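Worksheet: one structure, shown below.
The values are calculated or read from the model by the stated rules, or taken from the named source; none is laboratory data. Model, not experiment: these values are computed from the prediction. Reconstructed Cβ throughout: ideal geometry from the backbone, glycine too, with neighbour counts over all protein chains shown. Protein only, heavy atoms only, side chains kept; ligands, DNA and RNA dropped before computing areas. Shrake-Rupley method; radii C 1.70, N 1.55, O 1.52, S 1.80 Å.
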Amino acid sequence: MHYANKTLFDRAILRHTTLRNRLWRSATWLGLADTDGRVTTPIVETYRSLAAGGVGLIVTGLTSIASDDASIGGECKFYDESFIEGHCRLTEAVHRQGCPILLQTALVDGPIDTLTTLQVDQLVEAFGHAAQRAEKAGYDGVQIHAAHFFYLSKFISPLFNHRADRYAGAHILPAILAAMRSHTSDDFIVTMKINCSDEFPGGLTQQGFLEACRLVEGVDAIEVSANGTSRQGIRAGANEGSFLSAATALATTLDVSVALVGGLRSVDFINQVLDNTNISFVSLSRPLVCEPDLPNRWLQGNAAPSRCISCNSCYRTPGHQCVFNLKK
Ligand SMILES: Cc1cc2nc3c(=O)[nH]c(=O)nc-3n(C[C@H](O)[C@H](O)[C@H](O)COP(=O)(O)O)c2cc1C
């Protein structure tokens, strides 16, 4: 099937939810959770303003689902029911602006080869219960974070996974998807973000990526990234769409909705991608850090590219703000 002739501001369906356009806010860790990993007012305000800026779907920053996980600093946690209330504030604020929101479920790090099969079963079940809690907190769905050298991306990488049991290769992914489906309602969206390459010798290749995606064809969408994410030196019209060829290959090969992330900066380029490929969604991180209302600006006819210069200073500012917009 060919799904070309699409444009950014089409309405689009993700599972049973209608999005007002094809633009996602790619998961972006804010570093603003309190010391227990709980949602704070600045987090709620950041997502409220993104939703008010017109984006079609928000994916939260990575949220750890285990109490004993490693930390990257100020990330949200969601490992038991006591976290639900804080996340309810967040989902309500975003929904009031007409925008659906997915929780990015993640583990930061942990052992792989030394876990027993039973221990991996328990970990899989923990992802299922995290999805269940996310639904209780009002999320429209979740994203499984299997990219950027966080735990699941290592788990499916031949560099790290030498298992010979049923969790060899990328087989943990369909198990997590099944656990999430079994604990959530039929409307609940489950997406995945995955590396199209580890960009390391001996790591996941594009062929391994396509094989991993084939295992989870029942997922509602796959967002295509790679370990070399947040590339610097992106210029509109010159070198946009860092992982376009892998995302196009996925959208051509499998019957799954594909979201392209990484280095998208202009509505002209985005519309070319949507018009010429089977890719269904596009996803932005740093351009929305820089201009949370970029979607509305483009919708209102100001098609100037994102003002983001891809300097990556936002990784180091309080609340991961754009260095040119710093409030404090
Ligand atoms: C400050 C910052 C935090 C990020 N946090 C996450 C995260 O929590 N989860 C994730 O999957 N990607 C994360 N990313 C990567 C982005 O989602 C995206 O894949 C990458 O920046 C490339 O897209 P861009 O060129 O539109 O910025 C982060 C990026 C930035 C700049």
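Worth a mention:
- Options Ala259, Ala238, Ala249; residue that is open to solvent by less than 20 Å² (accessible area, probe 1.4 Å) and within 28 Å of Asp198 (Cβ to Cβ): Ala259
- Residue check for Arg38: part of a helix (DSSP H, G or I), surrounded by fewer than 20 Cβ atoms within 10 Å (Cβ to Cβ) and among the basic types (Lys, Arg): no
- Residue in the range 58-66 that is surrounded by fewer than 24 Cβ atoms within 10 Å (Cβ to Cβ), farther than 30 Å from Ile270 by Cα, in contact (Cβ under 8 Å) with a residue 24 or more places away in the chain and within 12 Å of the ligand (Cβ to nearest atom) present: no
- Evaluated against (1) under 30 Å from Val44 (Cα atoms); (2) open to solvent by 10 Å² or more (accessible area, probe 1.4 Å); (3) not in a helix (DSSP H, G or I), Ala168 falls short on exactly one condition, (1).
- Residues that are in contact (Cβ under 8 Å) with a residue 60 or more places away in the chain and touching a helix residue (DSSP H, G or I) at 6+ places or on another chain (Cβ under 6 Å), drawn from the range 289-307: Val289, Pro292, Leu294, Trp298, Ser306
- Residue check for Ala27: touching a strand residue (DSSP E or B) at 6+ places or on another chain (Cβ under 7 Å), within 13 Å of the ligand (Cβ to nearest atom) and over 22 Å from Val261 (Cβ atoms): no
- A residue that is among the hydrophobic types (A, V, I, L, M, F, W, C), under 19 Å from the mean Cα position of the chain (by Cα) and farther than 23 Å from Tyr47 by Cα occurs nowhere in the range 283-297.
- Complete set of residues in the range 249-285 that are within 24 Å of Thr60 (Cβ to Cβ), touching a residue at least 60 places away in the same chain (Cβ under 8 Å) and outside any loop (DSSP other than H, G, I, E, B): Ala259, Val261, Ile270, Phe281, Val282, Ser283, Leu284
- Within the range 190-211, considering residues that are among the hydrophobic types (A, V, I, L, M, F, W, C) and within 16 Å of the ligand (Cβ to nearest atom), the one surrounded by the fewest Cβ atoms within 10 Å (Cβ to Cβ): Val190
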